[in-house]
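A.B. asks: Dropping the structure in here first, questions after.
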Amino acid sequence: MAVAHAEPHAATGHAQRGISNPILGMILFITSEVMFFSGLFAAYFATRAHNTPWPPAVFAGILNPLSLIIVATLILIASSFTCQFAVWSIRRGDRRGFVRNIAVTFVLGIIFLIMQAYDYTLLFGEGMTLGSGPFGTTYFTLTGFHGAHVFGGVLMLGVLLYRGMAGQFSARHHDAVEAVSLYWHFVDVVWILLFSILYLL
């Protein structure tokens with residue numbers, strides 16, 4: 001009888017103890033990153049407003065939204081879904097499902113970085129660099145900082161994958177998974193905004 005009463009409590013223990021320090025820390029960190037990227041976006045729009053035409057005629061048509069970058073965008077969006085599937089899996093205590101989904105997320109993150117690096121080489125080949133005036137500077141600053149954040153997220157995912165394979169997460173103990181998933185979703189949202197601003201507007 002005692003065991004029967006203990007199991008429901010164990011299943012909901014994670015939700016009842018409130019927000020944990022890892023999740024709170026990540027929320028505060030993401031808040032600071034929101035302000036950081038807001039500053040970059042503001043600098044971009046200010047630069048764009050004072051430089052016409054935008055983009056410069058020499059680079060017009062280089063940033064094609066239907067090129068390789070749209071594939072990279074779809075891959076990053078898909079990785080956000082697999083990351084959330086991993087969270088739902090570990091909440092249910094499905095360690096195998098967690099490891100599988102977090103591994104896919106990890107691989108998709110690496111593929112995105114490789115594709116972004118390759119896209120850079122294509123832009124360099126067209127003569128567009130960090131020193132190509134305000135246009136090149138703002139583009140590579142925005143995408144470069146985002147790429148650095150994706151790289152950091154991939155490292156976090158790698159740690160989660162390692163710990164998950166070691167059996168360190170369970171339905172009651174997976175705060176690190178929740179925290180990293182918040183960060184990864186944030187990175188995804190920032191890229192959607194960047195893609196819209198740089199390639200569509």
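The values are calculated or read from the model by the stated rules, or taken from the named source; none is laboratory data. What you see is a predicted model, and the numbers here were worked out from it, not measured in a lab. All Cβ positions, even for glycine, are placed from backbone atoms using ideal geometry, and neighbour counts span all protein chains on display. Surface accessibility is based on the protein's heavy atoms, side chains included, excluding ligands, DNA and RNA. Shrake-Rupley method; radii C 1.70, N 1.55, O 1.52, S 1.80 Å.
A.B. asks: Would you mind computing, in nm to one decimal, how far apart the modelled labels at residue 60 and residue 201 are, each placed 7 Å from Cα along Cα→Cβ?
C.D. replies: For residue 60 paired with residue 201, the spin-label model returns 2.1 nm.
A.B. asks: Roughly how many percent of the accessible protein surface of the chain is carbon and sulfur, given a 1.4 Å probe and a whole-percent answer?
C.D. replies: Answer for the chain is 71 percent, counting heavy atoms of protein chains only.
A.B. asks: If you fit an axis through the alpha-carbon atoms of helix 133-165 and take the longest principal axis of the Cα set of the chain, what angle between them do you get, 0 to 90°, nearest 10?
C.D. replies: The answer is roughly 20 degrees.
A.B. asks: Sticking with this one: According to the square roots a ≥ b ≥ c of the eigenvalues of the Cα gyration tensor, what is the shape class of the range 16-84, taking rounded for a/c under 1.5, prolate for a/b larger than b/c otherwise, and oblate for the remainder?
C.D. replies: On the way: a/c = 6.29, a/b = 1.67, b/c = 3.77.
Oblate is the answer for the range 16-84, as a/c is 1.5 or above yet b/c matches or exceeds a/b.
A.B. asks: If you place +1 on the Cβ of every Lys and Arg, -1 on the Cβ of every Asp and Glu, and leave all else neutral, what size is the dipole of the chain about its Cα centre, to the nearest 20 Debye?
C.D. replies: 460
A.B. asks: Helix 175-195: angle to the longest alpha-carbon principal axis of the chain, degrees 0 to 90, nearest 10?
C.D. replies: With rounding to tens, the tilt is 20 degrees.
A.B. asks: Another question, then. Using θ = phi - 60° and the Karplus relation 6.51 cos²θ - 1.76 cosθ + 1.60, list the HN-Hα couplings for the range 34-42 in order, rounded to whole Hz, with x at every Gly or Pro.
C.D. replies: Here the 3J(HN,Hα) series is 4, 5, 4, 5, 4, x, 5, 5, 5 Hz.
A.B. asks: As I understand it, the dipole of the chain uses +1 on the Cβ of Lys and Arg and -1 on the Cβ of Asp and Glu, about the Cα centre. Which of 177, 62, 78 lies farthest toward its positive end?
C.D. replies: Value computed over the given set: 177.
A.B. asks: Beyond 13 Å, what percent of the Cα pairs of the range 129-201 remain?
C.D. replies: 71
A.B. asks: Can I ask one more? Stokes-Einstein at 4 °C, 1.567 mPa s, Kirkwood radius from Cα pairs: D for the range 80-135 in µm² s⁻¹?
C.D. replies: For these conditions, the coefficient is 97 µm²/s.
A.B. asks: For the range 45-162, would you read off the P(r) tail past 26 Å as a percentage of all alpha carbon pairs?
C.D. replies: Pairs farther apart than 26 Å: 34 percent.
A.B. asks: Would you mind working out the magnitude of the charge dipole of the range 20-120 relative to its Cα centre, with +1 at each Lys and Arg C-beta and -1 at each Asp and Glu C-beta, to the nearest 20 Debye?
C.D. replies: So the dipole magnitude of the range 20-120 works out to roughly 400 debye.
A.B. asks: OK, next. Among 89, 49, 38, pick out the residue whose Cα is farthest towards the positive end of the charge dipole of the chain, where Lys and Arg carry +1 and Asp and Glu carry -1 on C-beta, about the Cα centre.
C.D. replies: 89
A.B. asks: Using a simple charge model, +1 on the beta-carbon of Lys and Arg, -1 on the beta-carbon of Asp and Glu, nothing else, what dipole does the range 95-201 show about its Cα centre, in debye to the nearest 20?
C.D. replies: 540
A.B. asks: If you average 1/r over every pair of different alpha-carbon atoms in the chain and take one over that average, what Kirkwood value in Å do you get?
C.D. replies: Values: mean 1/r = 0.0535 Å⁻¹.
Hydrodynamic radius (Kirkwood, Cα only) of the chain equals 18.7 Å.
A.B. asks: Taking springs between alpha-carbon atoms closer than 10 angstrom, which of 50, 149, 174 fluctuates most in the Gaussian network model of the chain?
C.D. replies: With Cα springs under 10 Å in the chain, the top fluctuation among 50, 149, 174 is at 50.
A.B. asks: Sticking with this one: Kindly express, to the nearest 10 degrees and within the range 0 to 90, the angle between helix 2-16's C-alpha long axis and the longest C-alpha principal axis of the chain.
C.D. replies: Approximately 20 degrees, to the nearest 10.
A.B. asks: Provide the per residue accessible area, probe 1.4 Å, for the chain, rounded to a whole number of square angstrom.
C.D. replies: That works out to 52 Å² per residue.
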